[in-house]
Amino acid sequence: MAKTPPKTLLFLGTGNHHRSRLAEILFNQIAGKFGLNWRAISRGIALDAEPGVKGPMAAKAVEALKKAGIVAMLDTARAPMTVTASELTAADHRILIHAPSQATLLRERFPEFTGEIESWSIEVTPELLTRLEAEITGLLTRMLNGGAMPEAPPEPPPAKPAKPAKKHIVKIRRETAGRRGKGVTVILDLPLNEHQMEQLATQLKNRCGTGGTVKDGTIEIQGDQRDKLTIELEKLGYQVKRAGG
């Protein structure tokens, strides 16, 4: 009698460099001990959204596995991989490792996908491995008990920073000084709180296909993105003024 092929569990991260890879390795290690006919794989939704990553897998993640006594040399040696539409559709179950930052990104990259996805909210902290083990243990318990997977919660609405009632003037400039030739585009005078600033920064990074950060009440986007950012900010109702630099 032919052996039934294992079902596929797909862990989705942003760059497939840290959390999703750990989840894949941990699940397969634990599931194998119970003889569960599931196999986990992990993929990234947008590797280009994390341009600064180095090596096949995050050094902190590899070190955490070593400290836990988990040997997975082949799994840690492979390069990050981007999920394909066919992989997304074919998986028997899908899990977003950090839904707050990845749900919108997934919709943008795969607008036609309508399948169910389980949402986790795993942060990168010193307790990352412990948190993942707890989530995976709960998942395996449901599988072993034959229970249905939890229904996917409603997807959060796309992060849209509120448009100002009146056109607010924001400044945009290019900065290269002290950056070893790696310039950034800086957005100043945004009338937003810290949470709204982070939301807007994520949206703009995705639109430009590059990295960036929120720093000292400004948003910094890697590269000379003044033209793109001007268009995006004007769409949101801002009046954009180019400053020196």
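The values are calculated or read from the model by the stated rules, or taken from the named source; none is laboratory data. Keep in mind that what you see is a predicted model, and the values were worked out from it rather than measured. Cβ coordinates were reconstructed from backbone atoms using ideal geometry, including for glycine residues, and neighbour counts include every protein chain displayed.
When segment 168-199 is examined, which residues are found to be part of a loop (DSSP other than H, G, I, E, B) and surrounded by 18 or more Cβ atoms within 10 Å (Cβ to Cβ)? Result: LEU190, LEU192.
Can you pull out every residue in segment 200-225 that is under 18 Å from HIS168 (Cα atoms) and either buried (at least 18 other Cβ atoms within 10 Å of the Cβ) or at pLDDT 90 or above (or both)?
LEU200, ALA201, LEU204, THR218, ILE219
Selection over segment 68-105 of residues that are in contact (Cβ under 8 Å) with a residue 24 or more places away in the chain and either in a helix (DSSP H, G or I) or surrounded by 18 or more Cβ atoms within 10 Å (Cβ to Cβ) (or both) gives a count of 24. Residues that are closer than 19 Å to ASN145 by Cα and part of a loop (DSSP other than H, G, I, E, B) were ranked within segment 5-53; the one that is farthest from the chain's Cα centre (by Cα) is GLY35.
Going through (1) under 17 Å from the mean Cα position of the chain (by Cα); (2) part of a strand (DSSP E or B); (3) under 16 Å from THR176 (Cβ atoms) one by one, ILE221 falls short only on (1). Count of segment 143-154 residues, restricted to those that are surrounded by fewer than 13 Cβ atoms within 10 Å (Cβ to Cβ) and either outside any loop (DSSP other than H, G, I, E, B) or at pLDDT 90 or above (or both), is 1.
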